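Only one structure is covered here, and it is reproduced in the block below.
What follows draws every value from the coordinates through simple rules; no lab data is involved. Source: prediction; values computed, not measured. A quick note on method: Cβ atoms are made from the backbone with ideal geometry, for glycine too, and the neighbour counts reach across all protein chains shown.
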Amino acid sequence: MAAVPPPPEIHRSVLTYRRGLYGKIALLLVAVSILLYALHAPAGGIANGGTWVGYLLGTIGLALIVWLGWFGIRRRQYGPKMFLLEEWLSAHVYLGLALVVTATLHTAFRFGWNVHTLAYGLMVVVILSGAFGLYAFRRYPAAMTKNRNGTPYKSLIEAIVALDFECRELAMSFDDETAALVYQATCTLPAFRFRDLSSRERVSPTLEAPARAAIARLRALVGKTYSADQANVMPLVQALTNRALAVARLRRDQRYRVLMQIWRVIHLPLTVGLLVALGIHVLAVFYFW
Ligand code: HEM
């Protein structure tokens, strides 16, 4: 899996940028949207997207979505610009969240199996994925550094490889069956498993099956008359345990990396899908006017 580049500075002060100016603007937008919706008395008493308030909220929502989507282009543009990326992202996050209220009131809670609700559903998924992305960028980089004790990813792999050699060398003074079990416990680098993504599936330092089998065998040998005694067994058990701890750290690191990639794989393509669905929604509205 390709390494995720370290997140740029822009994620640190997203929520507090300019003392939360964009949070306040978003709150204002939410308040105005709610007021408009609440105070409006539509003809026939039925609120919908086709009243003047519905059109106004819809136009604001459309403009916001196009502008939010533009961020994908803006963040790939280099050179001096009027607004820093940091500022863009702060506004992106707050106004993206406010959009839920504005767009929901535009729909007037009228949902069905049609392209209009499809556009709305896509918008909600994009916003939810954005919220997860924000959480991931604020939490995971620090958690990854802590998990690796500040060492780079490469060092974690190197530590496991070194422990593999140590275990196999120590195993040479044992019988064939024990050596084979130790070999099995150390012959592959841990690959990513999808079940590690679940937070319920603890990526904990509990021993994985091959290491557990090797250690059980070593424990069984202690006290037996043949060569193995406590002095021989303990260093090998210790090395296998250290490897298990390093493997657990590696799996946790892989989990963070994959989660950070998954959210982007959802957020960006669904934005494109949303823009297409939104275009069809607008065309359909004007076609059937
Ligand atoms: C309909 C609403 C939204 C649209 C259309 C949208 C669209 C986008 C696009 C196109 C990007 C650039 C992705 C890339 O280039 O890889 C982006 C990035 C991002 N968005 Fe959204 N977004 C929306 C809502 C949100 C919300 C509500 C949040 C947070 C609560 C959010 C958080 C983020 C974050 C953290 C990034 C990543 C910035 C980075 O990679 O540096 N988005 N969004």
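Observations, loosely collected:
- Exposure proxy ranking, count of Cβ atoms within 10 Å, fewest first, for M82, M123: M82, M123
- Here the extension length gained between I157 and E177 equals 4.5 nm, from 0.36 nm per residue of separation less the Cα-Cα distance.
- On the beta carbon distance between L245 and L84, with R0 = 45 Å, the FRET formula returns roughly 0.60.
- Using a Gaussian network model of the chain in which every pair of alpha carbons under 10 angstrom is joined by a spring, one finds that among R251, R76, R148 the greatest mean-square fluctuation is at R76.
- From its DSSP helices (H runs of at least four residues, each -39,500 (n - 2.57)), the chain gives a residue-normalised ellipticity at 222 nm of -24500 deg cm²/dmol.
- Note that the chain shows a convex hull volume over its alpha carbon atoms of 175 Å³ per residue.
- Among G133, G61, G121, residue whose mean-square fluctuation peaks in a GNM of the chain (springs only between Cα atoms under 10 Å): G121
- In this label model, W52 and W70 are separated by 2.7 nm, measuring between points 7 Å along each Cα→Cβ vector.
- Shape box of the range 153-260 [Cα atoms, principal axes, largest first, Å]: 53, 27, 19
- Short-range pairs are left out: with C-alpha atoms under 8 Å and at least six residues apart, the relative contact order of the chain is 24 percent.
- Ordering R212, R193, R19, R252 from the fewest to the most neighbouring beta carbons within 10 Å gives R19, R193, R212, R252.
- Residues considered: Y78, Y153, Y55. Largest GNM mean-square fluctuation over the chain, using C-alpha springs under 10 Å, is found at Y78.
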